[in-house]
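The values are calculated or read from the model by the stated rules, or taken from the named source; none is laboratory data. Keep in mind that what you see is a predicted model, and the values were worked out from it rather than measured. All Cβ positions, even for glycine, are placed from backbone atoms using ideal geometry, and neighbour counts span all protein chains on display. For accessibility, only protein heavy atoms count, side chains too; no ligands or nucleic acids. Shrake-Rupley method; radii C 1.70, N 1.55, O 1.52, S 1.80 Å.
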Amino acid sequence: MHLQYEDFEKIMDIGISLSTERDRNRLLMTILDKGMEITNCDASTLYLYENDELRFKFMRTLSKEINRGLDGKPIDLPPVPMKEENVCSYAAIHREVVNIPDVYASSRFDFSGPRQYDSLTGYRTQSQLVVPLVNNENELIGVLQLINAMDETGKVYAFNEEYEIIIRALGAMAAIELTNLSYVEALKAQIYSFVEALTTALEKRTPYNALHTRNVEKYASLLADYITGLHREGKCEKGFDPERKEQLMLAALIHDIGKMVVPLSIMNKATRLDTAIERIDDRFALLKARYEIDMLRGRITGEEYEAAAKELESALAFIHEMDVADRVSDECCEQIRELAAKRHVGEDGSTLPYLTEKEAECLSIRSGTLTVKERKEMENHVVMTSRILEKVQFYKGFSMVPGWVGAHHEYLDGSGYPKGLKGDALDLETRLLTVVDIYDALVATDRPYKQPISKPKAIQILKDMAQRGKVDLQLVEWLDEALEKEAQKAQ
C-alpha cells in the first residue's frame, strides 16, 4: 500500500485540528485516534514520559472493545522502565521509529509482556509500529504504540514503512502542541500563583474579605454551571465552556485586590463611630467630673449638677443607640447636631465639646458605617484594582479579565462606579460578578459592620435592584434557581 494524496491531505487536517485543541486529554486522544485511523490498525497504547518512566495514558483495542483511560481514570498498570529491551523504551531513548512485522518472530526486543497479555485474553499481537513523541526541542513527551495493522478484509499485516513518515509527522505535531499547552498551563499557573499571593496578603489584613473572595468565586462557579446547563438544554443563548469559565473564576478571585490599599480603619469599621465610641465614653466621664467640680466650687447648684449628670447619661445612651442603628432619621440627625453644639466651659474659659465635628458626622450617617469621604476611599478599591492589574502581563486568554474586574461595581443604568458604564458596555461576566458580589455581601455572616440577611431576603433585594434597572434580573433569577438546586442536592 502506498501513500495517496488523500493521506497527506488528512495529515494536514489533523495538524490544523491539533493546533486548535486546548484540552490536553482531548489532544492526546486525537493522537491515538488519528494514528489508528491513518494506519487502519486494531489497537494502540499511548504512553506519557514522566519521572524517567513511560506511564500508560490510553489503551484501545477495537476488536475487544477495550477502552482504558479514556474516561479519565488512571490505568492500573505499572509504568514501563526506560530499558532498551522494551520496544517502547528503545524508541523513546533513541528517538527512533520502530516497525516490528511480527512480535512472535522477533528476538530484537523482550516481548514477553505482549505474549503474556495474549495468553490471558486470547488476543494475537502481531505487528507493531512504535513512534516517539518528540517536540521541536528534541524533548521526549511520550510514545505512541500502534498494534496490528489491517488490510481492507481485516487481515493483519506489517505496518507499511511509508506510514512511518506520516505517523512520525503526526507525533511531532502532537508533541509540539503538547509542549505549547504546557507553556500555556505554566503561564496560567504563574497567574494563579500571583492571585493566590495577593489573596493571602488580603486575608492577612482582613480575614472576612478573603472569605468574601472565595465565596464570590463559589457563587460565580455555581451560576456559570447553571447557565451552561440551561444552554445545553437550549434554554439560553450562551454558556460557559471550560476556557470561558476559567477566565470568570480568575476574575472572581482578583475582583477585590484593590482593597489591599484601603485603610483597615475603613475596611473593618464595625459601627458608625467604631473605636471612637471609647473616647466618647471617656469624654462623658470627664464631662461629668467637670460638672461635679463646678458644683463643689459653687459654680452650679446640686440640682443643676444632678440635671447635667442625667442629661449626660441620656445623651451617652442616645449616642450608643445611634452608633449601631440600622438607619438614622431626620429627627435623630437634628438631635446629634444639638449635642455637637453643646460644650462645657471651664472656670479658666477652656471648653470641652460633647461631640467633635467628625464624631457628629459619623453618627449622622443615614445607613451603613462609612462617611461620604470614607465611602469614596472604599469605592476607590476598584480603581486601585485596575491600576494593579495594568501592571500584570496577562496571557491573551485572560486579556478580558481586568476589564470585567474593573467594572464589577457598575450598574446597568449607569449609576455605578467608577466610570458610570451601562447596558451593553457591561459583559455577561461583569454583570454576573456584580450579582454574586452583592449577594455574598448581603448574606455574609462575618462582616464586623452588619448583620447577615437571609437568602430569600437577599434575592428579593437583588430583584428590587433589577426592577430599578441596576442589575440583570435574569441573572438574579438564575442565581436563585441555582442556589435552590444546590440546597436540594445537600439535603
Item to complete: Can you check what the net charge comes to around Ala309, using other residues whose Cβ is under 12 Å from the Cβ of Ala309 (Lys, Arg +1; Asp, Glu -1)?
Response: -4
Worksheet item: Gap in Å between the Cα centre of the range 81-104 and the Cα centre of the range 345-418?
Response: 66 Å
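Once fully extended, how much extra length lies between Lys310 and Asp118, figured as 0.36 nm per residue of separation less the alpha-carbon to alpha-carbon distance?
On the way: separation 192, 0.36 × 192 = 69.12 nm, distance 9.97 nm.
Gain on extension, Lys310 to Asp118, equals 59.1 nm.
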Item to complete: Select from Ile277, Cys332, Thr301 the residue farthest towards the positive end of the dipole of the range 258-335; place +1 on Cβ of Lys and Arg, -1 on Cβ of Asp and Glu, and compute about the Cα centre.
Response: Ile277
Worksheet item: Spin-label point model (7 Å from Cα, Cβ direction): what's the Lys373 to Lys457 distance in nm?
Response: 3.3 nm
Worksheet entry | Helix-only CD estimate at 222 nm, as mean residue ellipticity for the chain, using -39500 (n - 2.57) per DSSP H run (n ≥ 4) | -18500 deg cm²/dmol
Practice prompt. Would you list, by chain and number, the lysines whose Cα falls below 20 Å from the Cα of Lys358, excluding same-chain residues fewer than 8 positions away?
Written response: Lys269, Lys342, Lys373, Lys376
Worksheet item: Share of the range 255-349's accessible area from carbon and sulfur, percent, 1.4 Å?
Response: 51 percent
Discussion item. Tell me the angle of helix 455-467 to the major Cα principal axis of the chain, expressed in degrees between 0 and 90 and rounded to the nearest ten.
Written reply: 90 degrees
Discussion item. Whole angstrom only: what separates the Cα centroid of the range 471-488 from the Cα centroid of the range 135-173?
Written reply: 51 Å
Item to complete: Go through Asn51, Ser119, Pro132 and say which Cα lies farthest out towards the positive end of the charge dipole of the range 38-194; charges sit on Cβ, +1 for Lys and Arg, -1 for Asp and Glu.
Response: Ser119
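Considering only protein heavy atoms, what per residue accessible area in square angstrom results for the chain with a 1.4 angstrom probe?
The answer is 52 Å² per residue.
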